[in-house]
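The values are calculated or read from the model by the stated rules, or taken from the named source; none is laboratory data. Computed from a prediction, not measured in an experiment: that's the story for all the values here. Note that we place each Cβ from the backbone using ideal geometry, even for glycine, and neighbour counts take in every protein chain shown.
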Amino acid sequence: MKFLLTLSVTLLLIAGFQDYSTAEPAPVPVRETFAIKTKSLTITLQVGTDGRLYQQPISAGPSGSKPARDDEFYPQAGDGYVWEPALQVTHADGNTSTALVFDSLTQSNETADITATRIRLHDPAYPFDVTLCFNTHHDEDVVEQWIELNHAEKGAVTLQRVESSSLLLGGDVYLTHFFGDWAKEMLSPITEKITPGTKVLDSKLGVRASQFRNPSFILSLGGAANETNAVVLAGSLAWSGSFQCEFDNYGQGVRALTGINPFESAISLPAGKIFVTPTMLWVWSTNGLGDMSRKFHRWAREFGLRDGHTPRQVLLNNWEATGFDFDFKRIVSLYDPAKKIGTELFLLDDGWFGNKYPRVDDHAGLGDWQPNRQRLPDGLAPLASEAVKRGLRFGIWMEPEMVNPRSELFDAHPDWAIRQPKRELELQRNQLVLDLTRPAVQKFEWNVIQNILSVPNITYAKWDCNRYLTQPGSPYLAPSRQSELWVDYVNALYALMDKTAKAFPNTELMLCSGGGGRADYGALKYFHEFWPSDNTDPTLRVPMQWDYSYFFPVMALASHVTHWGNRPMHFACAVAMSARFGMDLDLTKLSAQDKAICAGAINAYKQIRDVTQLGELYRLEDPHENFRGALNFVSPDRHRAVVFAFQLKDGANRPAFPQGLDPDQHYTVHELNPAPSRETIPQEGKTFTGEELMREGVMPSCSKAVEASVVELTE
Ligand code: GLA
């Protein structure tokens with residue numbers, strides 16, 4: 001008896017043990033294999049005998065294991081998958097599970113370099129289709145990925161979560177992401193190994209992607225990333241609303257899930273309508289961050305922003321010079337000094353509109369886009385024509401999505417603002433966001449933009465957005481559709497931006513959102529550049545611009561010389577010259593020496609902008625880790641190069657070692673706009689081969705904190 005009892009307990013224990021062992025999913029036999037490929041990246045996909053689509057994890061080394069259930073390429077919630085899913089929907093009949101099987105694959109060459117791949121999956125139990133879409137750029141190792149989803153069910157399907165991309169990575173995976181805040185955008189890069197558990201980078205701001213972190217990150221496989229020798233995959237979500245990038249280490253690998261933040265964002269999708277996710281950008285390199293960024297920049301100049309092959313002009317903004325306090329005469333008085341110093345474009349900032357509630361500070365006037373009659377009795381046109389008469393282009397600031405409660409617009413349409421019932425209005429910078437889901441608001445904003453940009457001689461605009469959503473309610477949408485505000489807003493915004501870009505093809509546009517809140521490729525494709533941060537202290541701009549440069553070409557980064565931080569003018573000018581040069585200064589108040597430094601910097605910028613903006617970037621010395629930051633740019637034909645050294649702390653001078661030069665070519669060394677009273681660099685005027693310069697380095701003239709040196713190498 002006792003023996004029998006022991007035996008049965010033992011058997012039970014064994015049975016229990018065996019039950020646990022079944023938690024490890026069994027391998028699935030493979031029926032068919034295909035790949036999504038660029039020059040050096042291969043994403044291998046396998047169709048199992050169960051019909052599901054699987055992915056071989058991407059890793060630094062070889063991979064080739066048999067797929068198991070955990071390795072599904074686009075996993076769905078509710079039918080046996082236990083980790084973070086890419087897709088979670090509630091079908092019309094209330095079923096919360098989806099089970100997708102492979103249906104078809106089409107691949108076509110769009111150009112010699114671009115292949116379009118569409119993988120159709122469907123749920124055999126429902127008329128429900130998901131198409132995984134890819135545009136691969138062969139030479140640049142760029143993959144653009146998005147999802148299209150549609151159905152023919154008997155009622156609406158609720159989309160709880162539809163990721164733009166779901167990618168499996170194997171081996172050790174390191175994540176670099178960029179924490180920040182207002183005036184500190186991108187300033188705190190963090191690299192960490194993704195350990196078991198889930199790491200989430202997200203935002204819930206509704207009308208902009210970021211304030212506290214950017215929807216761009218770097219994954220590094222097999223070890224932490226470096227500039228020249230690492231396997232890296234940069235990711236950037238092209239979406240200007242709430243986003244979520246999730247890295248789920250489930251023990252066997254890491255799944256990167258990226259897309260619209262599912263937080264409070266359920267969407268009811270009627271039959272026959274196609275839901276399209278934002279595009280996820282992946283950029284791959286086996287040669288480190290430098291190579292990855294150069295590919296990203298080449299892609300961006302072609303597809304990521306407008307007019308990516310035209311170097312940007314020198315801009316003077318009046319914001320730091322006048323703030324809200326100006327009139328026609330004061331603005332016109334800024335033109336001659338601007339022209340004299342070499343400026344090409346004048347930007348009139350906030351404060352030019354509103355009559356019943358004049359925009360004399362940030363408490364009133366947003367929404368009333370009529371020029372203020374006291375300040376500008378004849379409107380904007382004479383301001384613009386006076387600029388053009390003096391050889392300057394003219395640009396204007398606008399914030400079409402916003403309203404101050406103290407405005408004629410709000411008096412007339414209090415229900416046009418995004419707000420929630422029974423809650424006291426929460427203002428940020430004294431303003432509210434207009435509800436772009438409402439057709440009347442769409443029409444209003446389009447009229448505002450059209451009226452402003454149609455003023456003769458306005459050829460540039462800064463489109464600002466100075467708050468985010470904290471009370472995400474739409475008085476327009478039905479109670480059952482409130483959660484659709486987040487996604488509908490951004491799509492309506494893109495429709496507006498698209499119309500603007502098409503209707504005003506010759507008007508240059510800058511994206512701004514209380515600083516760098518809209519530094520993302522979703523909006524940037526309608527724009528020429530973005531404002532990386534309200535913080536223009538050049539000692540912080542050095543690391544900030546370094547971090548942005550992982551993902552964005554410097555032609556997209558507006559960099560202005562201001563008095564922030566009270567740094568030496570020469571240092572501030574050198575930093576601005578390395579991106580899109582601008583100034584936000586009262587030129588009439590500058591000393592003769594500072595004016596001469598600015599004029600010299602502008603002159604030098606005009607000479608090198610085709611190299612810095614159309615050429616290749618090499619990041620040489622990381623300002624986060626060294627006493628200085630250093631970079632160089634090389635023209636596409638490698639005939640010219642420019643080396644920048646920005647010294648942040650005192651430290652012994654040493655050469656900076658440029659990269660990417662033609663080793664056999666001879667280059668003559670010349671320091672541009674050298675700082676007054678500094679010694680001439682030892683290599684000045686001398687000629688060396690590219691090989692010598694890359695081996696021996698270029699000795700900059702700076703040797704103390706807040707000194708900089710810009711050295712040109714010409715054939
Ligand atoms: C925001 C921008 C600034 C300036 C002001 C104007 O803060 O970031 O550059 O345009 O708005 O109000």
Q | Condition check for ILE260: in contact with a helix residue (DSSP H, G or I) (Cβ under 8 Å, 6 or more places away or on another chain) and in the same structural domain as ASP129 (by TED's automatic domain parsing) | A | yes
(Q) So the check is Cβ under 7 Å with 6+ separation or different chains; which pairs have a first residue in segment 660-685 that's under 20 Å from ILE602 (Cβ atoms) and a second one that's part of a loop (DSSP other than H, G, I, E, B)? (A) HIS670/GLU684; HIS670/GLY685; GLU671/ILE681; GLU671/GLU684; GLU671/SER701; PRO674/SER701; ALA675/SER701; ARG678/SER701
Q. Consider VAL642 against the criteria (1) more than 18 Å from LEU315 (Cβ to Cβ); (2) part of a loop (DSSP other than H, G, I, E, B): it satisfies all of them except one. Which criterion is unmet?
A. (2)
Q) Cβ-Cβ below 7 Å, separation at least six or inter-chain, first residue in segment 317-337 and closer than 12 Å to GLU386 by Cα and in a helix (DSSP H, G or I), second more than 16 Å from the ligand (Cβ to nearest atom) and among the acidic types (Asp, Glu): which pairs? A) VAL332/GLU386; TYR335/GLU386
**Q.** Residues within segment 459-472 that are away from the ligand (no atom under 16 Å from the Cβ) and outside any loop (DSSP other than H, G, I, E, B), tallied
**A.** 1
Q: Report the residue count in segment 686-715 for those that are touching a residue at least 60 places away in the same chain (Cβ under 8 Å), of a type in the set (D, E, K, R) and in a loop (DSSP other than H, G, I, E, B).
A: 1
(Q) I'd like the full set of residues that are more than 13 Å from the ligand (Cβ to nearest atom), under 20 Å from MET280 (Cβ atoms) and not in a helix (DSSP H, G or I), limited to segment 528-556. (A) TYR550, PHE551, PHE552, PRO553
Q | Which listed residue is of a type in the set (Asp, Glu), on the phi < 0 side of the Ramachandran plot and within 16 Å of the ligand (Cβ to nearest atom), from GLU344, GLU401, GLU302 | A | GLU401
Q | strands (runs of 3 or more DSSP E) wholly inside segment 109-199 containing at least 2 residues that are crowded, with 20+ Cβ neighbours inside 10 Å and among the small types (Gly, Ala, Ser) | A | 165-169
Q: Answer yes or no as to whether ARG678 is among the basic types (Lys, Arg) and either assigned to a helix (DSSP H, G or I) or crowded, with 19+ Cβ neighbours inside 10 Å (or both).
A: no
(Q) If I filter segment 378-391 down to residues being touching a residue at least 60 places away in the same chain (Cβ under 8 Å) and among the aliphatic types (A, V, I, L, M), which single residue comes out as nearest to the ligand (Cβ to nearest atom)? (A) LEU380
Q. Do the conditions hold for ASP488, that is, is it more than 29 Å from ASP547 (Cα to Cα) and either within 16 Å of the ligand (Cβ to nearest atom) or in a helix (DSSP H, G or I) (or both)?
A. yes
Q. How many residues are surrounded by fewer than 17 Cβ atoms within 10 Å (Cβ to Cβ) and part of a loop (DSSP other than H, G, I, E, B) when one looks only at segment 371-389?
A. 5
**Q.** Test: ILE341 is among the β-branched types (Val, Ile, Thr) and either in contact with a Ser or Thr (Cβ under 7 Å, 6 or more places away or on another chain) or closer than 23 Å to PHE134 by Cβ (or both)
**A.** no
Q. Does segment 409-429 contain at least one residue that is in contact with a Pro (Cβ under 8 Å, 6 or more places away or on another chain), of a type in the set (D, E, K, R), in the same structural domain as GLY514 (by TED's automatic domain parsing) and more than 16 Å from the ligand (Cβ to nearest atom)?
A. yes
Q. With ASN430, ASN457, ASN466 as the choices, which residue is polar (S, T, N, Q), touching a residue at least 60 places away in the same chain (Cβ under 8 Å) and in contact with a His (Cβ under 6 Å, 6 or more places away or on another chain)?
A. ASN430
Q | Breaking point among (1) crowded, with 22+ Cβ neighbours inside 10 Å; (2) free of Cβ contacts under 8 Å to residues at least 40 places away in the same chain, for ALA592 | A | (1)
Q) Of all residues in segment 507-517, which are more than 11 Å from the ligand (Cβ to nearest atom) and either part of a loop (DSSP other than H, G, I, E, B) or in contact with a Gly (Cβ under 7 Å, 6 or more places away or on another chain) (or both)? A) THR507
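Can you say whether GLY600 is within 21 Å of PRO553 (Cβ to Cβ) and modelled with pLDDT of 95 or more, as far as the supplied structure shows?
It is false that GLY600 is within 21 Å of PRO553 (Cβ to Cβ) and modelled with pLDDT of 95 or more.
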Q: Select from segment 566-585 the residues that are assigned to a helix (DSSP H, G or I) and either over 26 Å from the mean Cα position of the chain (by Cα) or away from the ligand (no atom under 16 Å from the Cβ) (or both) and list them in ascending order.
A: ASN566, MET569, HIS570, PHE571, ALA572, CYS573, ALA574, VAL575, MET577
(Q) Can you report the number of residues in segment 305-326 which are closer than 18 Å to TRP463 by Cα, crowded, with 17+ Cβ neighbours inside 10 Å and within 13 Å of the ligand (Cβ to nearest atom)? (A) 5
(Q) Going by what's in this entry, would GLY354 be described as within 16 Å of the ligand (Cβ to nearest atom) and either at pLDDT 95 or above or in the same structural domain as ILE449 (by TED's automatic domain parsing) (or both)? (A) yes
